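Read the structure below first, then the notes.
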Amino acid sequence: MAKGDAILEAKDIVIKFNLRGRTLTAIRGAGLRLNEGETLAIVGESGSGKSVLTKSFIGMLDQNGWVDSGEAVFEGRNLAAIKDEKDWLAIRGKKISMVFQDPMTALNPLLTVGAQIKEVFELHHGLSGKQADHAVVEMLERVGIDNPSERRKQYPHEFSGGMRQRVVIAIAVACKPRILICDEPTTALDVTIQAQILDLIKALQRDLAFTTVYITHDLGVVANVADKVAVMYAGQIVETGSAEEVFYDSRHPYTWALLSSLPQLGVKGQPLYSISGTPPNLFNTVVGDAFAPRNPKALKVDFAAQPPMFQVSPTHSAATWLLDPRAPAMEPPPAILAMRAKLGGAKLGGAKLGDAAKNGGAL
Amino acid sequence: MIRGAMMREPLAAGSESAEAIAAKVDASLFVPADFDANAAERGGYSDYSYWRSTMRGFLKNRVALGFLLLLGALLLFTFVQPLLPGQKSPTHIHIDPATGMQYRNVAPGAEFWFGTNTIGQDLWARIWGGTRTSLMLGLLVGVAEMLIGITFGAIWGYVRRLDGVITEIYNVINNIPTTIVLMLLAYILRPSFKTMVIAMCATGWLGLARFVRNQIVIIRDREYNLASRCLGTPSRRIIVKNLLPYLVSVIMLQTALSIPGTIGWEVFLTYIGLGLPVSIPSLGNLVNEGRQIMMSPELRYQLLFPTIILSLITISFYVLGNAFSDASDPRNHV
Amino acid sequence: MLKYTIKRLGQSLITLFIVVSAVFLLMRLLPVEGYFGDGYDKLSESQREAVLQKMGLLDPWYVQMGAFYKGLLRGDLGVSTIYRKDVPVLEVIGPRVPYSMKFGIVATCLALIAGLGMGVSMAKNKGKGLDKLWTGYVVFVNAVPLAVYLLFIQLYGTSLLDLPLLFDKYMPSSWILPAVSMSLGGIAGYAMWMRRYMVDELNKDYIKLAKAKGLSQSTIMVRHVMRNAYVPMAQYLPASILMTISGSIYIESLYSIPGMGGLLVDVIQRQDNTMVQALVLIFSSVGIIGLFLGDLLMALFDPRIKLSKSGASR
Ligand SMILES: Nc1ncnc2c1ncn2[C@@H]1O[C@H](COP(=O)(O)OP(=O)(O)O)[C@@H](O)[C@H]1O
Ligand SMILES: [Mg+2]
């Protein structure tokens, strides 16, 4: 498959949970398209459904949850329709693998690091004994662990957080996956280590040629690594586009609010912008635009009907009534305009987007 | 009508064009709406209440509800039984007026519902009298353990300097089999109601104290973080809405669960001869009396009746306690 | 590991010392009549004093304790005062040790095998029929006082299965009921804890990663969940020995097994103070040693403990 072809295409995914005797709709018709070889970042505040949506691609929803409708096509197969655990074994950890947020608890404390990586080689590559050990050492070296032949015999508690995350990444890529999903891979780590881990994943992606999905609520990470961005709010993708489009030309009020809350966009002496209010209660049916109650400039129509995905460009679309021709013209908030001016200048100067965001302040 | 139509139309990438969907919406709606700051806050997940979730969890458990009814009926009957008409005294020895002899080992019948024992006492009255004694013992021990447990647990948790010392004391007591401690204390203090209470309190408070201590350490550390990081109210709300009710419910639970335990130990101590004086009817004494004649099959009712009542009571307490414990654990509030 | 062992050993010795001293001092609270047996009333005041003097019971408590510890180090626990007058305590207890040990070991093994199996099957079938059935058993054993259900096992078990009512060392079939009875509590305990630990492990994050690796549910169960659940179970082993002790006291006396548990009941009823003291000390020591061994076992399995400074993390 050539670079740029769709590798995973999800449409209208609805995911529900049973909670305390009631049904909660965590994902309310989300769709996304993932292209071969690219890096997609899913952003949104916590609880917006980033983890749930991606976990459904490897059949790892919690016991009380299920994919209610929609489809997710991967290699000609509809992942949303897989019910049998056996069928998942052909995909999970083999074609699509996942790195979780907290490396401190992700490893089995009673098995050596090597044994835990070895499991993958035994399972997916049929290696055993010396061969598998050799592969483990190679893998550890590849993820940047010094003295791998000694360290593979150590237990997780003898590794630091950053090192453990490297081990987790080694486990995830050992199967040579086609898609690697990183669910907030650096949130639990020190700032200095975050950048190293991101670099590591980038390097591995180059070598092993997989497609990466980052889940994060750190827009700094997005600017650093992503080709494409999907913004999630209350179980829906509200805006999606290339990283440039989402940063310079965002259209959804929620994206504006999210960008405005970036610390590095704050104006000295003024309180940091934060989105007021809380996301909707997912037990209730959401009518209209889910973000409308928190949007001071919402239109009446936002409360009446759910906006469709309006195309802005072939790669960029957003679900907001502001894109309807009948809507009054609406300027993004000043912070966004200021950012665009700043980033625009940087762009003209030839610097990359990521550098501009980095220069904006420590992430 | 618009709402209905839109709700069934999820965000569709490709199923229907945006323009087609938009066409269904009335143009007059494209004007700014009034912003209601309160409405923005109204989302969220404020529908959680600790006690309501606990009750829901508990009420879902049919078996536990059945035992609740059973236990309620048993307890009620135990305490109103002496007030009912036609009840006999549990200690009175009945004499046959015709022969002047005691009514020994009379089989269950119209006069003596559960029969009489080897010296002519009414077994029915003795069983309920014994249940009263055993329940009182259990209740007393339960409350005493609760007080000691909370006090020690609170000191243990709050006073950091004593943490090490109390932990050591805990380890020492915890390392000795409970049976041995009980037997030794009962042996030294000589059998009596008071002895029984003291002996059982000496070991029973440990678990509760440890739990209270752990919970207080959690709360203490949260408070500390709260002060140092100025995080505002949410932590405090978690403490008041979640941790405290949990603490309270576990304390209630442990007190309830210690009752069947106490009843069981009483039977055991009675067996080795360290129980209550035989003049006091108690479940332990009844079981022990029944055991001594259990080799004659026609007299086995004297063992069976007390053990049935006893088992019903302890099983009810145990099942209820555990059902409540599951329901009250915030981790199960899913 | 060596450092941990030494530290933990020191802890146990201190505990043992405290327990021995406490038991000794508590026993001093008893009225002195207990040292005379039936003959107390016949003796004159001065004769009584002479006897007490001879036994050292009139000395200040610290002198008595010193003498007691001196004897203890020489392996001398005093002489029986009533049960078998003037016979050294250890001589009375000695022949009974093998019985208690044999029953204890058999019961513990039975409990271990049946209990772990039961626990694993409960965790695997969580919420289903088998889980409920075994839970019913656990509830029964925990809720109904052991003094009651063991009695019924003796009463009906012997007649239904046509087994001997009392223990007879020459009759192998008389071993069955007592040994099974002794293991019932342990089985329930092991099953309950094994189930709980496995369910705990199942909810941990590393299980998510194991699943994300593509391991099948059964591989995860065997290689991760069960393995990890055995570690805290190692620590439960001694606790179950404590339970077996409790059970044995009652069961040995119920079936007239000539072991230490039955002896303890006898000497309590006969009020033989030195015998009670000695047996209480022996049983407490077994408990303390058992917990010590359990912690060592756990440290052996859990690589994290070798590094931790805090020692036993219970
Ligand atoms: N097991 C579950 N049971 C009930 N609700 C769940 C469960 N898992 C997730 N949710 C709900 O789904 C929503 C999305 O969660 P998640 O995907 O974890 O958010 P995030 O974007 O932070 O990753 C949240 O509102 C959460 O309450
Ligand atoms: Mg998440």
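The values are calculated or read from the model by the stated rules, or taken from the named source; none is laboratory data. As the structure is a computational prediction, the values presented were derived from the model and not from experiment. Neighbour counts run over all protein chains shown; Cβ positions are idealised from the backbone, glycine included.
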So residue A:70, is it over 13 Å from the mean Cα position of the chain (by Cα), of a type outside the set (Phe, Trp, Tyr) and assigned to a loop (DSSP other than H, G, I, E, B): no
Go through region A:1-22 residue by residue and tally those that are more than 10 Å from ligand 1 (Cβ to nearest atom) and touching a strand residue (DSSP E or B) at 6+ places or on another chain (Cβ under 6 Å). 10
Note on residue C:210: of the conditions (1) surrounded by 20 or more Cβ atoms within 10 Å (Cβ to Cβ); (2) in contact (Cβ under 8 Å) with a residue 24 or more places away in the chain, unmet is (2)
Any residue in region A:43-67 that is closer than 21 Å to residue A:226 by Cα and among the acidic types (Asp, Glu) sitting within a Cβ distance under 8 Å of a residue that is part of a helix (DSSP H, G or I) and more than 6 Å from ligand 1 (Cβ to nearest atom)? List the pairs, counting only those 6 or more apart or interchain. A:45/A:258
Under 8 Å between Cβ atoms, which residue pairs at least 6 apart in sequence (or on different chains) link something in region A:83-112 that is of a type in the set (Val, Ile, Thr) with a partner that is within 16 Å of ligand 1 (Cβ to nearest atom) and part of a helix (DSSP H, G or I)? A:91/A:58; A:96/A:57; A:96/A:58; A:105/C:205
Only unsatisfied item for residue A:217, checking (1) within 16 Å of ligand 2 (Cβ to nearest atom); (2) buried (at least 21 other Cβ atoms within 10 Å of the Cβ); (3) within 23 Å of residue A:282 (Cα to Cα), is (2)
Quick one: which residue in A:59, A:49 is at positive phi and either away from ligand 2 (no atom under 16 Å from the Cβ) or within 9 Å of another protein chain (Cβ to nearest Cβ) (or both)? A:59
Restricting to region A:311-332, count the residues that are at the interface with chain B (Cβ under 8 Å from one of its Cβ atoms), in contact (Cβ under 8 Å) with a residue 24 or more places away in the chain and in contact with a helix residue (DSSP H, G or I) (Cβ under 7 Å, 6 or more places away or on another chain). 2
For residue B:290, work out the one condition from (1) under 11 Å from residue C:148 (Cβ atoms); (2) under 25 Å from the mean Cα position of the chain (by Cα) it doesn't fulfil. (2)
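For (1) closer than 19 Å to residue A:38 by Cβ; (2) touching a helix residue (DSSP H, G or I) at 6+ places or on another chain (Cβ under 7 Å); (3) surrounded by 22 or more Cβ atoms within 10 Å (Cβ to Cβ), each residue gets a yes or a no:
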{"site": "A:156", "(1), (2), (3)": "no, yes, yes"}
{"site": "A:162", "(1), (2), (3)": "no, yes, no"}
{"site": "A:184", "(1), (2), (3)": "no, no, no"}
{"site": "A:199", "(1), (2), (3)": "yes, no, no"}
{"site": "A:204", "(1), (2), (3)": "yes, yes, no"}
{"site": "A:225", "(1), (2), (3)": "yes, yes, no"}
{"site": "A:228", "(1), (2), (3)": "yes, yes, yes"}
{"site": "A:231", "(1), (2), (3)": "yes, yes, yes"}
Could you please find all residues in region C:221-241 being more than 10 Å from chain A (Cβ to nearest Cβ), surrounded by fewer than 22 Cβ atoms within 10 Å (Cβ to Cβ) and among the β-branched types (Val, Ile, Thr)? C:222
Under 7 Å between Cβ atoms, at least 6 apart or on separate chains: pull out the pairs that start in region A:177-188 with a residue that is closer than 8 Å to residue A:98 by Cβ and within 11 Å of chain C (Cβ to nearest Cβ) and end on any residue that is within 12 Å of ligand 1 (Cβ to nearest atom) and among the aliphatic types (A, V, I, L, M). A:183/A:215
Could you say which residue among A:59, A:114, A:31 is over 18 Å from the mean Cα position of the chain (by Cα) and modelled with pLDDT of 90 or more? A:114
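Only residues that are in a loop (DSSP other than H, G, I, E, B), within 12 Å of another protein chain (Cβ to nearest Cβ) and either without any contact (Cβ under 8 Å) to a residue 24 or more places away in the chain or of a type in the set (A, V, I, L, M, F, W, C) (or both): list them for region B:156-209, please. Full working, then the answer.
Filtering region B:156-209 for residues in a loop (DSSP other than H, G, I, E, B) gives B:159, B:176-177, B:190-192.
Filter again for within 12 Å of another protein chain (Cβ to nearest Cβ), leaving B:176-177, B:190-191.
Residues satisfying the conditions are B:176, B:177, B:190.
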Cβ-Cβ below 7 Å, separation at least six or inter-chain, first residue in region A:274-302 and at the interface with chain B (Cβ under 7 Å from one of its Cβ atoms) and within 19 Å of residue A:329 (Cα to Cα), second part of a helix (DSSP H, G or I) and at pLDDT below 85: which pairs? A:299/B:29; A:300/B:29; A:301/B:29
Restricting to region A:36-45, and then to whatever is assigned to a loop (DSSP other than H, G, I, E, B) and within 11 Å of ligand 2 (Cβ to nearest atom), can you tell me which residue is farthest from the other protein chains (Cβ to nearest Cβ)? A:44
Among the residues of region B:249-297, how many are within 9 Å of chain C (Cβ to nearest Cβ) and of a type in the set (D, E, K, R)? 2
Do any helices (runs of 4 or more DSSP H) entirely within region B:34-126 hold 2 or more residues that are modelled with pLDDT of 75 or more, and if so, which? B:50-59, B:62-80
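Residue-wise test of (1) surrounded by fewer than 17 Cβ atoms within 10 Å (Cβ to Cβ); (2) under 31 Å from the mean Cα position of the chain (by Cα); (3) hydroxyl-bearing (Ser, Thr, Tyr); (4) part of a helix (DSSP H, G or I).
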{"position": "C:49", "(1), (2), (3), (4)": "yes, no, no, yes"}
{"position": "C:66", "(1), (2), (3), (4)": "yes, yes, no, yes"}
{"position": "C:75", "(1), (2), (3), (4)": "yes, yes, no, no"}
{"position": "C:83", "(1), (2), (3), (4)": "no, yes, yes, no"}
Residue identified as in a loop (DSSP other than H, G, I, E, B), of a type outside the set (D, E, K, R) and surrounded by 20 or more Cβ atoms within 10 Å (Cβ to Cβ) among A:97, A:48, A:56: A:48
Yes/no for residue A:56 being touching an Asp or Glu at 6+ places or on another chain (Cβ under 6 Å), within 16 Å of ligand 1 (Cβ to nearest atom) and under 30 Å from residue C:226 (Cβ atoms): no
Only one of these conditions is not met by residue A:76: (1) within 16 Å of ligand 2 (Cβ to nearest atom); (2) on the phi > 0 side of the Ramachandran plot. Which number is it? (1)
Among what's in region A:62-93 and is among the aliphatic types (A, V, I, L, M), buried (at least 16 other Cβ atoms within 10 Å of the Cβ) and at the interface with chain C (Cβ under 9 Å from one of its Cβ atoms), pick the residue that is farthest from residue A:41 (Cα to Cα). A:89
Can you pull out the residues in region C:123-153 that are more than 8 Å from every other protein chain (Cβ to nearest Cβ) and of a type in the set (A, V, I, L, M)? C:123, C:130, C:133, C:138, C:141, C:150, C:153
Note on region A:212-235: residues over 12 Å from the mean Cα position of the chain (by Cα) and under 24 Å from residue A:29 (Cβ atoms) are A:233, A:234, A:235
